[in-house]
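**Student:** Let me give you the structure first, and then I'll get to my questions.
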Amino acid sequence: MSTFTSSLANANPARPGVALVSISRLQSLCEAVVPRYAERARFFPVREGYEEAVTALQAYVEAGSVDVVLAAGSNGAYLREHLSVPVVMVKVNGFDVLSAITRAATTWPGARIGLVLHETISHELADLSPWLNVGLKQRAYRSVDEVRFAVDTLAAEGCSVIIGPGMACDLAQQAGMESVFLYSLGAVEEAFERSVELARVSRQKESKRVRLNTIVAHLRDGVAAFDEAGQLEAVNPAMLELLGLGATKDVSLGDALKQVSRGGAPTNARGFRGEDVLRGAHVHDLPAQITRAVGPLLRETLVHDRPIEERIEQIGGRALIVNCVPIVEHGVRSGSVVTVQDALVAQRIDRSLRTSQRPSHLVARHQLDDLIGGSPALERVRRLARAGAAHDATVLLTGASGTGKELVAQGIHNASRRRGNPFVAFNCAALPDGLIESELFGHEEGAFTGARRGGKPGLFEIAHTGTIFLDEIGEMPAALQSRLLRVLQEREVMKLGSGRATPVDVRVIAATHRNLHALVEQGLFRADLYFRLNLLQIELPPLRERRADIAPLARHLLRRSALQYGLPEAAQEQVLAFLAPLFEHYAWPGNVRELENLLARAAIYSGDATAGALQDWQAVFPEFGRMKQVATVDATLAAPNVTVGNHSPRLTPTREDALNALERSAGNRAAASRALGIGRTTLWRLLKN
């Protein structure tokens, strides 16, 4: 191996590569220039020309060693047509030609000179011939055969000196003529400078391309890029797989691009051939098949001049989420990029995100078994709730305030197939009319003054795949009832300020303490919305109608309050014994919520060592005073722990009290029983006795 070739082989592999296709006399000039650029690039000498040079260079290109080829004349022109990398030509300028003519005229005075140029002759030089005082003939060539013909023709015309490329000089010497090599050292240096700089830029671009291809090739989304004319420029394996064209997982975007651009199946740097890369689609058919699949998207984007975003399309029997956006460079559209995503994968990711990132307030904490009590009324609620949970039908919960409607709603959610998905509760009476719409349906950025930057999803979107609980539905403004009806009918919501509806999969549970049927008759509630909501109705009984459940429920609630406020376990039974008359005779207008508050109050007060006076207890529990009494409370109360004395309060109304209450309520037994703080059954029993 020569010193020149050895130095090239030991060059730093991180530097850009330049192949030097130099045959004949150009080789010596290249060898003289190489040392000046050895620190900037690697050089690979190729001694063959034309077809043999293409074969030798192809191996370098496929291995990624060569970024640019330097050549001259017809050899360089041939390589440009048969290689995929840039080819830099050694250019002959006017100074080189004049310098060669001067050398020839000086060395062989009076000799006729023949000039052989690549592609075209110089008419300006022909005009200067008389001024140069030389006999000059010109011939042009484009191939090896034309070089030989040009030399033979000039010899026949009496030329004894030939100026031209290395091959022309060699042919002239073989024919017994003198010769002057046309290319100068300066021309070769200028070609080296252009080659090294172009190789550096090409290597940077290739590094960025490889990096981008590596990233894109590992995306689960399919990506395909098209030029302005709609010709495929780039495609990743995921796109081929999603379109049913069968790409293997270990193929980069660059591998697919090489096959698309060359229309063949070359061997890449990793040894994969085209037939290994694509299964089920011949490489020559690949661009056409991809274009047929996504062509309508490209045409629509071009005709309407707007991108396509997150559209569901059926392509190849598969539901895909497609996007098609233009590529704009320096303000000018230069192509389009299409991305596709498997809709099923997107749904799985969406469910995973909603589950893992769900805020704690979107979780249903209660089960149907959390309903304390065994009364027939409560058993009926459990039975209906479990039946409703087995289906996705809308449920309407009715009953007085505090009867546990949200607890039942959470229990239905947790007993349904939607458990584990969001449970979103919203009180329709808690916000002004203008804010309710934004909360439920969401808004886009700039939809109204003060709208959140970037927009905001509504509660229906947040509850997607789960349950939304609309409490106090009877208080919903009439203007929003129609929007709610559309959501229930179409299962899609439209944000404020948006022109596009978003599909939602939501189970609706509504609750109210009002008589919706009466509101419909009064024109205060839409009849169609009422019938849409009133599919499965569950009425929760008031606490006074299931008195058998009060004692166990109170024990459960007091135990929870005792843990929170530090009430000793021994005192809990004393508190329950003291409050027993209320369990039996109080009307409980606030239902379970009132009972819970009363027991929390008892846990706090009973733990206070300074309390104990009878007047204090009467002030803490005014519920005793609200019961109709036939005698004053003469029980003795001990402190700090509450104990009930031998004399229990005489709190049961008499028949006379019942008659008086009935008279005052104009015969309305329900009103009379509420005034006495007893149930209607107890009132009936008093009147009968």
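Any read-out appearing in this document is the output of simple, stated calculations on the displayed coordinates, not a laboratory observation. These figures come from a predicted structure and were not determined experimentally. With ideal geometry, Cβ positions are generated from the backbone for all residues, glycine too; neighbour counts draw on all protein chains shown.
**Student:** Would you kindly derive the ³J(HN,Hα) couplings of region 160-177 from the backbone phi angles with the Karplus curve 6.51 cos²θ - 1.76 cosθ + 1.60 (θ = phi - 60°), listing them in order in whole Hz, with x for Gly and Pro?
**Tutor:** Couplings: 10, 10, 10, 10, x, x, x, 5, 5, 5, 5, 5, 5, 5, 5, 8, x, 9 Hz.
**Student:** Mind sorting SER401, SER28 by how few other Cβ atoms lie within 10 Å of their own Cβ, fewest first?
**Tutor:** Listing SER401, SER28 from fewest to most nearby Cβ atoms yields SER28, SER401.
**Student:** Sticking with this structure for a sec: Can you tell me what the convex hull of the Cα atoms of region 3-91 projects to on average, as an area in nm²?
**Tutor:** Mean projected area for region 3-91: 5.4 nm², to one decimal.
**Student:** I would also like to ask the following. Sorted by average packing, counted as other Cβ atoms within 10 angstrom per residue and highest first, what order do 306-313, 90-97 take?
**Tutor:** Listed from highest to lowest mean packing, they are 90-97, 306-313.
**Student:** Further question on the same structure: Which whole-Hz couplings ³J(HN,Hα) result when phi for each residue of region 38-54 is put into the Karplus expression 6.51 cos²θ - 1.76 cosθ + 1.60, θ = phi - 60°, listed in order with x for Gly and Pro?
**Tutor:** Result, ordered by residue: 5, 7, 10, 7, 9, 10, 10, x, 10, 8, 8, x, 6, 4, 5, 5, 4 Hz.
**Student:** Search the structure for amide H atoms under 5 Å from the amide H of PHE44, placed 1.01 Å from N in the peptide plane, and list their residues when 5 or more places away or on another chain.
**Tutor:** Amide H neighbours of PHE44: VAL18, ALA19, LEU20.
**Student:** Tell me the label-point distance for the pair VAL303, GLN231, using the 7 Å Cα-to-Cβ offset, in nm and rounded to one decimal.
**Tutor:** Once both label points are built, they end up 2.5 nm from each other.
**Student:** With no solvent and one equal point scatterer placed on each C-alpha of region 126-238, evaluate the Debye formula and give log10 I(q)/I(0) for q = 0.11, 0.12, 0.19 Å⁻¹, two decimals.
**Tutor:** -0.65, -0.68, -1.04
**Student:** Near LYS137, which aspartates and glutamates are there with a Cα under 14 Å away, not counting those fewer than 8 places off in the same chain?
**Tutor:** Of all the aspartates and glutamates, those that pass the test against LYS137 - Cα under 14 Å, at least 8 places apart if same chain - are GLU124, ASP127, ASP152, GLU157.
**Student:** Follow-up. Post the alpha-carbon centroid distance, region 390-407 to region 461-496, in whole angstrom.
**Tutor:** Each part's Cα centre sits 16 Å from the other's.
**Student:** List the GluC sites (Glu not before Pro) within region 99-194 that fall in a DSSP loop (any state other than H, G, I, E or B) and whose Cβ has at most 13 other Cβ atoms within 10 Å.
**Tutor:** Those that pass, being in a loop and sparsely packed, are GLU119, GLU157.
**Student:** Here's something else I'd like to know. Test of understanding: what is the full-extension gain from VAL325 to LEU219, defined as 0.36 nm times their sequence separation minus their Cα-Cα distance?
**Tutor:** 36.4 nm
**Student:** Give me the extension gain from VAL345 to VAL144: residue separation times 0.36 nm, minus the current Cα-Cα distance, reported in nm with one decimal.
**Tutor:** 66.3 nm
**Student:** Under the rule of at least 5 residues apart or a separate chain, name every residue whose amide H is placed under 5 Å from the amide H of ARG507.
**Tutor:** GLY466, THR467, ILE468
**Student:** Quick one: Karplus J couplings for region 388-397, per residue in order, coefficients 6.51, -1.76, 1.60, θ = phi - 60°, nearest Hz, x for Gly and Pro?
**Tutor:** With coefficients 6.51, -1.76 and 1.60, one gets x, 5, 6, 10, 9, 5, 5, 10, 10, 9 Hz.
**Student:** Treat the count of other C-beta atoms within 10 Å as a stand-in for reagent exposure and order HIS82, HIS585 from fewest to most.
**Tutor:** HIS82, HIS585
**Student:** For GLN138, list long-range residues whose amide hydrogen, built 1.01 Å from N in the peptide plane, is under 5 Å from its own amide hydrogen.
**Tutor:** LEU115
**Student:** Right, next: What percent of all Cα-Cα pairs in region 94-182 falls in each 5 Å bin, counting up from 0?
**Tutor:** P(r) for region 94-182, in whole percents per bin: 3, 16, 30, 29, 17, 5, 0.
**Student:** Sticking with this one: Counting Lys and Arg as +1 and Asp and Glu as -1, each charge on the Cβ, what is the dipole of region 52-179 about the Cα centre in debye, to the nearest 20?
**Tutor:** So the magnitude is around 300 debye.
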